[in-house]
Amino acid sequence: MRFHHFAIEVKDLETSITFYRKYLGLHETDRLYFNEENIVFLANNEFRLELISGGQQKASQGIHICLEVENLQEIIRKFNEYAISALEGPYKLNNGWETVFYEGPDNEIIEFLQIREKADH
């Protein structure tokens, strides 16, 4: 398991993109539309920031930490063994990634993400 990204909800996606490009030197790597939300990933070297705009407010209070895992089903199985239900998901995104969200003991949101390349068909 390794750190994948930190996410925040923003009011104006383009204003936030401009800010993080100009002041932190981040560049856009991906854009997604999922669950009525516009999502943009910005990066610089190994650091990734996910900006989320639109959709409904969630229990996450607008932030979460994401950990990249090799086997998402193993994570889900482990949480199920302890009778801990997913807060959201699992989801399969149109870019091939699979993700699930859990709530930690202090209501923090933890996303687990398995990266799979989208099949070229």
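Enumerate the whole-percent occupancy of each 10 Å bin, from 0 to the last occupied one, for all C-alpha pair distances of the chain.
It works out to 12, 44, 34, 9, 1, in whole percents.
How big is the gap, in Å, between the Cα center of the stretch 8-23 and the Cα center of the stretch 74-110?
Between the Cα centre of the stretch 8-23 and that of the stretch 74-110, the gap is 27 Å.
State whether the stretch 1-50 is rounded, prolate or oblate according to the following rule on the C-alpha gyration tensor (a ≥ b ≥ c being the square roots of its eigenvalues): a/c under 1.5 gives rounded; otherwise a/b larger than b/c gives prolate, and the remaining case gives oblate.
Oblate, because a/c is 1.5 or more while a/b does not exceed b/c.
With runs of 4+ DSSP H residues as the only contributors, calculate the mean residue ellipticity of the chain at 222 nm using -39,500 (n - 2.57) per run, divided by the residue total and rounded to the nearest 500.
Numbers: 2 runs with 22 residues, N = 121.
It lands at -5500 deg cm²/dmol.
Treat every Asp and Glu Cβ in the chain as -1 and every Lys and Arg Cβ as +1, leave all other atoms uncharged, and give the resulting dipole magnitude about the Cα centre to the nearest 20 debye.
Computed about the Cα centre, the dipole is about 180 debye.
Give the shape of the stretch 59-105 as rounded, prolate or oblate, defined through the alpha-carbon gyration tensor: a ≥ b ≥ c are the square roots of its eigenvalues, a/c under 1.5 means rounded, and otherwise the shape is prolate if a/b is larger than b/c and oblate if not.
oblate
Just so you know, all these numbers are worked out from the coordinates, no wet-lab data involved. Note that the structure is a prediction, hence the values are computed from the model and not measured. Don't worry about glycine lacking a Cβ; one is built from the backbone with ideal geometry, like all the others, and counts go over all protein chains shown.
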